[in-house]
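Notes to accompany the following structure.
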Amino acid sequence: MALSKNIAKMPYMNAQQLAFFSRRLFALKEQTSGHIHAAHKSLGERPELNDEADLAQYEETSRMALRVIERETKLLRKIDRALKNIRTGDYGYCLESGEPIGIDRLLIRPTAEYCAEVKNQMEKKEKHYAKRH
């Protein structure tokens, strides 16, 4: 599913680019839903636990599955927002500055909501705040 060099050179967020990212986001949504389903399934499979080591392993596996479900559920919400933004014509533009996020950044993170400059500023503020508190 490569974005051809020709598409990348076309006007920003044209119909072909939007269609490409829509397909990519739907594929990511399907994959993410599969991860959630598999994690739920693993939680439902409680083996017979004969000793403390088995119980500890089961508990750790369950904690990991719950983390996967939480992380992937957050990703699903981001995917749904990105797909909504494609429908409304807002996809590919920074929520804060309104500037283009950029094809290269969207290829890496199709759910990106901020351009690199704004995201870097946000991360610096988060680090600064974390150091103070």
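The values are calculated or read from the model by the stated rules, or taken from the named source; none is laboratory data. Model, not experiment: these values are computed from the prediction. We place every Cβ from the backbone using ideal geometry, glycine too, and count neighbours over all the protein chains shown. What goes into the accessible areas is simple: the full protein's heavy atoms, side chains included, and nothing from ligands, DNA or RNA. Shrake-Rupley method; radii C 1.70, N 1.55, O 1.52, S 1.80 Å.
In the stretch 47-133, which helices (runs of 4 or more DSSP H) lie fully inside it and hold 1 or more residues that are aromatic (Phe, Trp, Tyr) and either modelled with pLDDT of 95 or more or more than 28 Å from Phe20 (Cα to Cα) (or both)?
It comes to 52-88, 116-132.
For Glu126, state whether it is without any contact (Cβ under 8 Å) to a residue 12 or more places away in the chain and more than 26 Å from Asn14 (Cβ to Cβ).
Yes, satisfied.
Specify the residue that is nearest to the chain's Cα centre (by Cα); the eligible residues are those in the stretch 52-69 that are open to solvent by 80 Å² or more (accessible area, probe 1.4 Å) and not polar (S, T, N, Q).
So the residue we want is Arg67.
Could you check, for the stretch 9-16, whether at least one of its residues is in contact with a strand residue (DSSP E or B) (Cβ under 6 Å, 6 or more places away or on another chain) and of a type outside the set (A, V, I, L, M, F, W, C)?
yes
Kindly establish whether Tyr114 is in contact (Cβ under 8 Å) with a residue 12 or more places away in the chain, of a type in the set (Ser, Thr, Tyr), surrounded by 14 or more Cβ atoms within 10 Å (Cβ to Cβ) and in contact with a helix residue (DSSP H, G or I) (Cβ under 6 Å, 6 or more places away or on another chain).
When the stated conditions are applied, Tyr114 does not pass them.
Here are Ser42, Ser33: which of them is within 30 Å of Arg105 (Cα to Cα) and among the hydroxyl-bearing types (Ser, Thr, Tyr)?
Criteria check complete, one pass: Ser33.
For Arg24, state whether it is out of contact with any Asp or Glu (no Cβ under 9 Å at 6 or more places or on another chain), within 26 Å of Pro11 (Cβ to Cβ), of a type in the set (D, E, K, R) and part of a helix (DSSP H, G or I).
Here the answer is yes, as Arg24 does meet what is asked.
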